[in-house]
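Chemist: Starting off with a structure, shown below.
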Amino acid sequence: MFDAVAALFKAVGYAAALTAAGTVMARASLARRLPAVPATLGLTRWAGLVLLVTAWATALLFFLRLGGDGSSTTLKAIFLSPLGAALGLQMIGGLWVAVYAKRAVALAGALLILVAFGVVGHSASHGLQTSVTVVLHVTAGAWWFGGLWILLVAAHTFPADRFADLVGRFSRQAMVVVSLLLAAALMTSALLLEFRFEPTLAYPRGLMTKLALAGGLLMLAGINKLILTPRLAVRPKARVWLRWMIAAELLLFVGVIATTAYVTTYLSPHGASAAMHAHQGQFQVEGPIGIADPWAPAMPGSAATGAGYMVIVNNQPVDDRLVAVSSPWAERVTLHASILEDDIARMRRLEALPIPHGGRVVLEPGTFHLMFSGLYAPFVAGDSVPVTLTFEQAGRVDVVLTVHPLTRQRLPGHEH
C-alpha cells in the first residue's frame, strides 16, 4: 500500500517538477524578440505549488512508513537523510517558482528543483558522477517538457508569423538539448548498471521501456521538425496538426514520468547488480528490500538443523536491520555469523543484521546464514521453503528458499 501511494506521489511530483522548472527555463531561452506567453505563468505557478504539496505529502508518508512515533531516530532519518534534503529542495524550489514565476529569479528555484534529483535515489548512491549525469538528464528533459507546454499554449494564442518564429527557435535549441538528454541518459544507465546489461532483470527492462517511449518522442519530434514546421507559413492546417503532435509528445512524456516513478519505487540497479553476482542471478523480491537468489542446501541424514542463504539489498534511503525470521518448516529460525577463533570455525548468534541504505549483505557459507532449528521435515533437494523476514523499517518480506543438492562445499559449522 505504501509503495503504491509513494509511486503515485512520485509521478505527480516528477510531472510538477519538470513543468515548473521546464517552463521557467524554456521561457527564458525562447522569449528573446518574442512576446511573453502569459498563460504559461499560471501553469508554472500551479506546478510549483503542486510540487510543494507532493514533497510535503511524501515526507509525511515517509514518516508514517518509519512508524510515525516521532522518535529522534525517525526524525533524523527524515531531516538528515538524502531524501529529506531532496524534499527540502523541492519544497523551497516549488514555492520559489510559484512566487517569482514572472521574474528572472525564478531560475534559482528551477535550479533547486533540478539539483534535488541528484541528491537522492539510485543516482546519489553511485557517487557524484552519476548525480551530475542525472541532473543534466533531468534538466534537458525539463526544458523539452516545459518548451512543449509553451508551444501548445502559443499555438492557440500567437499569430501565425510569431508562432512560426517561436517553433523555429524551439526546434533549433531542441537539437542541442535532446543530444544532451540522450548522452546523459546513456551515461547514467551505464553507470547505474555498472556497464553490465542483463535484459532478463527487472531494472534493465524498466530502462528499456523508458527508451521505447523516448524513441516515440524522437519520432514525433522528427516529424514536427522536418515535415510540419516548414509548412507552417504556407499551410494553415499544419498548425492544427502540429498542436496534435505536441499534445501527443506531452502524453508520451507522461508515460516516461510514470515509468520512472515505478522503476524508482519498485526496482533498483543495486538489486540488479546483486542478482548478477549472486549464485544463479535470480532476483525474487523487489521493492524497498530486494532479495536475490534465496537458497538452502539439502540436509545430510544426520543433520538436526538447516541453513539458509540469500542476498539482501536495501533500496531504502535509510539504514535497516533484519530483526526476526520465521518459517512454518521450523520451530525457530535464527541469524548467525560464522567466525574464526583460534583457527576453529564457530558460530555467533546475531540479534539483528544491519543492512546499510543503498547497500547489500550477502548471506553465504562462511559469513552469515539463517539457522532452522526444530525442523518439522528435513530439507530435500527440490523443496521450496517459505520464510518470512522482518525488517525494522521495511516490515515483513516473504521469500521462498530453493533447496539445492548437497555439494562437497563445507557448510557453516554449528559449533558454539
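Chemist: Got a sec? What order do His404, His369 fall in by accessible area at 1.4 Å, biggest, i.e. largest, first?
Modeler: On the way: His404 55, His369 0 Å².
Correct descending sequence by accessible area is His404, His369.
Chemist: Let me ask something else about it. With a 1.4 Å probe and all protein chains in place, put Trp96, Trp56, Trp46, Trp143 in order of accessible area, largest first.
Modeler: Accessible-area ranking of Trp96, Trp56, Trp46, Trp143, largest first: Trp46, Trp56, Trp96, Trp143.
Chemist: Going by accessible area, probe 1.4 Å, with all protein chains left in place, what is the ranking of Val323, Val256, largest first?
Modeler: So the residues, ranked largest to smallest area, are Val323, Val256.
Chemist: Moving to a separate point now. Kindly list the residues of segment 289-320 that lie in the label zone of Glu331, defined by a backbone N under 16 Å from the point 7 Å along the Cα-to-C-beta vector.
Modeler: Residues passing the 16 Å test: 304-306.
Chemist: A further question follows. Give a residue-ordered list of calculated ³J(HN,Hα) values for segment 376-386 (Karplus: 6.51 cos²θ - 1.76 cosθ + 1.60, θ = phi - 60°; whole Hz; x for Gly, Pro).
Modeler: For segment 376-386, the Karplus curve yields 7, 7, x, 7, 10, 3, x, 5, 10, 10, x Hz.
Chemist: Determine ³J(HN,Hα), in whole Hz, for all residues of segment 165-173 in sequence, where each value follows from phi through the Karplus function 6.51 cos²θ - 1.76 cosθ + 1.60 and θ = phi - 60°; x replaces Gly and Pro.
Modeler: Couplings: 5, 5, 5, x, 5, 4, 4, 5, 5 Hz.
Chemist: Calculate, in nm to one decimal, what Val132 and Lys237 gain on full extension: separation in residues at 0.36 nm each, minus their alpha carbon distance.
Modeler: Extending this stretch completely gives an extra 33.6 nm.
Chemist: Could you calculate the contour length gain from Val105 to Met219, that is, 0.36 nm times the residue separation minus the distance between their Cα atoms, to one decimal place in nm?
Modeler: 37.6 nm
Chemist: Can you work out the accessible area per residue across segment 143-235, with the rest of the protein chains kept in place, probe 1.4 Å, in square angstrom?
Modeler: On a per-residue basis, 51 Å².
The values are calculated or read from the model by the stated rules, or taken from the named source; none is laboratory data. Keep in mind that this is a model prediction, so the values were computed, not measured. Because the Cβ atoms are built from the backbone with ideal geometry, glycine has one as well, and the counts that use them run over all protein chains shown. Each accessible area value is taken on the protein alone, full model and side chains, heavy atoms only, with ligands, DNA and RNA left out. Shrake-Rupley method; radii C 1.70, N 1.55, O 1.52, S 1.80 Å.
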